Amino acid sequence: MDIWPKEKRSEVMSRIRSKDTKPEKLVRSLLHRMGYRFRVHVKYLPGKPDIVMKKYNAIIFVHGCFWHLHDDCNEGRIPSTRTEYWAKKLLGNKARDEKHMNELTNMGWRVMRVWECEIEKKTEETIERIINFLGDVK
Ligand SMILES: [Zn+2]
């Protein structure tokens, strides 16, 4: 496996970013091109994690800011119409996320969550964070 140096990463990131790519797909294709291998939407694990890397004992969730109610984020707000309906739904999602992440941690996985807005606005920084999180595994 060949993990790319920083310059090469930036080049690839800018190329992929220019396309209209959904955040989760973007993360997946960047990691994949960098040589990481993983499974996606693993059904038998709590929360059906987006990215599962057994080799790294790591799980990554890419969460949409609206549906997963990102704190301190413009997108992560309960709508002002049908507030009761949305509050119930979105707070429910958030509570479920916490539960799933705790379950996975208790099972011995290392769990990381990245937000849509982080991927969209700070792609490189966020990918760096993921790579640091994964660490070196030989
Ligand atoms: Zn956000």
In this structure, is residue 94 among the basic types (Lys, Arg), more than 14 Å from the ligand (Cβ to nearest atom), under 18 Å from residue 68 (Cα atoms) and part of a helix (DSSP H, G or I)?
no
Selection within region 96-125 - open to solvent by less than 20 Å² (accessible area, probe 1.4 Å) and modelled with pLDDT under 95:
119, 123
From the list 8, 55, 89, which residue is open to solvent by 30 Å² or more (accessible area, probe 1.4 Å), in a helix (DSSP H, G or I) and more than 22 Å from residue 134 (Cβ to Cβ)?
89
With the condition kept exactly as written, say whether any residue in region 67-82 is of a type outside the set (Gly, Ala, Ser), more than 16 Å from the ligand (Cβ to nearest atom) and either under 21 Å from residue 121 (Cα atoms) or free of Cβ contacts under 8 Å to residues at least 24 places away in the same chain (or both).
yes
Among the residues in region 43-51, are any part of a loop (DSSP other than H, G, I, E, B), in contact with an Asp or Glu (Cβ under 6 Å, 6 or more places away or on another chain), open to solvent by 10 Å² or more (accessible area, probe 1.4 Å) and of a type outside the set (A, V, I, L, M)?
yes
Checking residue 61 against (1) within 16 Å of the ligand (Cβ to nearest atom); (2) open to solvent by 40 Å² or more (accessible area, probe 1.4 Å), the condition it does not meet
(2)
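The values are calculated or read from the model by the stated rules, or taken from the named source; none is laboratory data. Fair warning: this is a prediction, and the values are worked out from it, not measured in the lab. So basically every Cβ, Gly included, is an ideal-geometry build from the backbone, and we count neighbours across all protein chains shown. Side chains included, ligands, DNA and RNA excluded: accessible areas come from the protein's heavy atoms. Shrake-Rupley method; radii C 1.70, N 1.55, O 1.52, S 1.80 Å.
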